[in-house]
Number of protein chains: 4
Amino acid sequence: MAPLNEEQLHQIRDERKEQIMRAAIKVFSKRGIFGTKMSMIAGEAGVSHGLLYHYFKSKDELFITLVQWSMDEARHALSDIYDVPGTPLEKITLLTSMILQEDDNSHFMLIQQARTSDGVPEEARRIIESYSIHAFVDQLMPLFEAGQQAGEIAAGDLRELAACYLSVLSGLMTLRSQEDPSYAPPRAELLLRMLTNGQGK
Amino acid sequence: MAPLNEEQLHQIRDERKEQIMRAAIKVFSKRGIFGTKMSMIAGEAGVSHGLLYHYFKSKDELFITLVQWSMDEARHALSDIYDVPGTPLEKITLLTSMILQEDDNSHFMLIQQARTSDGVPEEARRIIESYSIHAFVDQLMPLFEAGQQAGEIAAGDLRELAACYLSVLSGLMTLRSQEDPSYAPPRAELLLRMLTNGQGK
Amino acid sequence: MAPLNEEQLHQIRDERKEQIMRAAIKVFSKRGIFGTKMSMIAGEAGVSHGLLYHYFKSKDELFITLVQWSMDEARHALSDIYDVPGTPLEKITLLTSMILQEDDNSHFMLIQQARTSDGVPEEARRIIESYSIHAFVDQLMPLFEAGQQAGEIAAGDLRELAACYLSVLSGLMTLRSQEDPSYAPPRAELLLRMLTNGQGK
Amino acid sequence: MAPLNEEQLHQIRDERKEQIMRAAIKVFSKRGIFGTKMSMIAGEAGVSHGLLYHYFKSKDELFITLVQWSMDEARHALSDIYDVPGTPLEKITLLTSMILQEDDNSHFMLIQQARTSDGVPEEARRIIESYSIHAFVDQLMPLFEAGQQAGEIAAGDLRELAACYLSVLSGLMTLRSQEDPSYAPPRAELLLRMLTNGQGK
DNA sequence: AATGAATGAGCGTTCATTCAT
DNA sequence: AATGAATGAACGCTCATTCAT
């Protein structure tokens, strides 16, 4: 005999939980796990700090949840690229632009934070390692192979090429975490040269 | 122009102070400003934590000193490249390899930490911004111009190209701060394609 | 004077309220006032924690109510002993066995908890003191006097003897609050020697 | 009760550590592990709360240390009784009086708290169980045997008798933890009747 | 110069209590 | 009546910083 029916409660829970997660990823991705205080997340989400503990057992659990979420989102973002029209190289170009210019790339940035910071919970580290850069390389391999066969991508070791490309993108993403106005992400075409080496039309 | 003024040189010559700074940059560059505790630095340097306060007024001041020091070191590393023999592109290739493979690139990494982290003292931030990426681009412009005239570097906006190149290197450096065994820095040649675009021999 | 006034009786008859009180005394008597969380009581009673505040203004008020209830129950238990058949000493022996072996002596244990712990609400303390051990001694005096006249109880200061006897029982009860399997309550006959001193048949 | 003996003082040599332990046992034994706040201990010891963590890693560790200390003290107190002159019964009488009237029986009380409370660290619980009441019974057996042979102690199962006696003393000690002015410890002679059963001269 | 004892501000977390539904 | 989301005071603990020696 609940005063609120099951569905309403569920809705509130999901709503709040998502609200907190959005606030948390925003702060974590910018300030890292040490620099982020639970009160900052609460403030960003507009709730009391106590409420965070209704939805997440601890700061670490919250962080781990976000890392898992971000890994899934990142994989989705990569797989979505197969659905847009265009040649393989066009798809890669689009992907590059999206990653570099996307306003909210908190997911990628959180992963970078977790990868490069200290004090990250063991489980978060395991999640990231289990989906390490090789997993993303695997995801992109069909696209790169198609590009190479089409003559759009230079000859050579494709896995190495893809890993290099992803490393560069990863690195660039970390540079976007600040508000440094002097930093402007490079144009995608310049980066793409690494792949085409002048062979593209 | 000396990177350190007379007094700074004198201070750094102080054995203890240098010992502390070397320990500090090692820890800061790996763990960031929040993840680094004064006791870690003291332990790394083999002195008591109380002693740190004889040489530095505070953790922030120590960090700021290190940022200043690292900026100077970075500028030196870049300017040194002019002294090695070889064509412009060979010089750039060498520089790239050094940065990517150097065992101790604490200086670069500290700058990255300071650039991408939060909780960095205002003054450290000002130092970094004042010598922002543009300053490094300026330093490398003569080299790039020579490379372009020699036909080793692709045609196009050179400042943009240099900025892109430095951004990529900066980003890659942040990925090296961990012990992630799955990460291997890309070969310099691949990165260089961004600059040559197939025009190099 | 009825141990519970009309209104209290009415409230206690309230099913929900009684359910909560039974759950609460069970938890309080085992874990003490600090070790008991309102959520534990709610869980034990099978209701939401919010509901506790419909019946009791606060944790303290709940505890105070239970102390009052337990004091009344304890007095009843003592007075009931007059109704069983047997000589005075037989009655005392029975009482001793009951207290030591009773499975549910939460009431006595709650009083002990309240007597020996800190952080007990002032009012609970006053209730306990007002019915202090002397009140129980008073209750038992007729029984002891009869026993002494019958030659079953040793000569000497009866109040002192009764107080000593009750103190010992009180103390032993606190030892039963745990699940320590190495502890077994002593046999009543041994304790009774304090009273009889070899004079009983 | 005897303060620290030479050897223990050697271990606890540090003045501050001893100061903190004395303050801590005073508060813990009165208020239990939950009721005791680190700030109370700090206040009682006249130091800042931060200092406690220089000497003890955590509240639990401090508590465990005290339990161990108290167990050792309790064993010593029992074994010391063999050194005083007198018949076995006189020794037991003296021991009883000491335990009941000693102003500072924090050690015994801490053990009782740890035995009967909740939230006690697992290790503390193990220490207490490993020296459970049987260990103390073992310690006193020679004395009881001598008393029985001398005709001072009643015939019967001696281990049961000793266990009963110690249980009663343990229980009485918990009643002394408060400042309840209405409570006066019983005279030793009355308790001793349990052992003599009128057989003593 | 050098140590480490000592302090206290600040953060993560718990839980009694309130309140909208 | 009944629920559980929401709040915030308070506590355990960390660590930058100070200070007596």
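So here's what we get for this one:
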| item | result |
| --- | --- |
| Tally, over the stretch C:30-39, of residues that are within 13 Å of DNA strand E (Cβ to nearest atom) and either in contact (Cβ under 8 Å) with a residue 40 or more places away in the chain or in a loop (DSSP other than H, G, I, E, B) (or both) | 5 |
| Any hit, the stretch C:107-116, residues being surrounded by 22 or more Cβ atoms within 10 Å (Cβ to Cβ) and facing chain D (nearest Cβ under 7 Å) | yes |
| Filter pass, residue C:145 being among the acidic types (Asp, Glu) and at pLDDT below 85 | no |
| Selected residue (only one of C:154, C:162, C:135 is over 22 Å from residue C:31 (Cβ atoms) and either in contact with a Cys (Cβ under 9 Å, 6 or more places away or on another chain) or surrounded by fewer than 19 Cβ atoms within 10 Å (Cβ to Cβ) (or both)) | C:135 |
| Which numbered condition residue A:124 misses (of (1) more than 20 Å from residue A:188 (Cα to Cα); (2) modelled with pLDDT of 90 or more; (3) within 9 Å of chain B (Cβ to nearest Cβ)) | (3) |
| Test: residue in the stretch B:76-83 that is modelled with pLDDT under 90, closer than 30 Å to residue B:24 by Cα and not in a helix (DSSP H, G or I) | no |
| Which listed residue is within 23 Å of residue D:128 (Cβ to Cβ), more than 16 Å from DNA strand E (Cβ to nearest atom), touching a residue at least 12 places away in the same chain (Cβ under 8 Å) and within 14 Å of chain C (Cβ to nearest Cβ), from D:27, D:67 | D:27 |
| From the options B:79, B:29, B:58, B:39, residue that is among the small types (Gly, Ala, Ser) and under 11 Å from the mean Cα position of the chain (by Cα) | B:29 |
| Search result, residues across the stretch C:31-72 that are within 13 Å of DNA strand F (Cβ to nearest atom) and among the aliphatic types (A, V, I, L, M) | C:38, C:41, C:42, C:45, C:47, C:51, C:52 |
| Members of the stretch D:134-193 found to be hydroxyl-bearing (Ser, Thr, Tyr) and more than 8 Å from every other protein chain (Cβ to nearest Cβ), listed by number | D:165 |
| Qualifying positions in the stretch B:40-64 - within 11 Å of DNA strand E (Cβ to nearest atom) and of a type in the set (S, T, N, Q) | B:48 |
| Residue under evaluation residue D:197, criteria (1) on the phi < 0 side of the Ramachandran plot; (2) surrounded by 14 or more Cβ atoms within 10 Å (Cβ to Cβ), criterion not met | (1) |
| Any helices (runs of 4 or more DSSP H) falling wholly within the stretch A:86-201 and containing at least 1 residues that are more than 18 Å from the chain's Cα centre (by Cα) | A:88-101, A:122-130, A:133-149, A:158-175, A:188-196 |
| Filter result for the condition that a residue is surrounded by fewer than 21 Cβ atoms within 10 Å (Cβ to Cβ), within 29 Å of residue C:169 (Cα to Cα) and either within 14 Å of chain D (Cβ to nearest Cβ) or within 16 Å of DNA strand F (Cβ to nearest atom) (or both), over C:75, C:16, C:22 | C:22 |
| Failed item in (1) buried (at least 19 other Cβ atoms within 10 Å of the Cβ); (2) within 23 Å of residue A:163 (Cβ to Cβ), with residue B:94 passing the rest | (1) |
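The values are calculated or read from the model by the stated rules, or taken from the named source; none is laboratory data. This one's a predicted model, so the numbers in the text were calculated from it and none came from an experiment. Cβ sites come from the backbone with ideal geometry, for glycine too, and all protein chains shown count toward neighbours.
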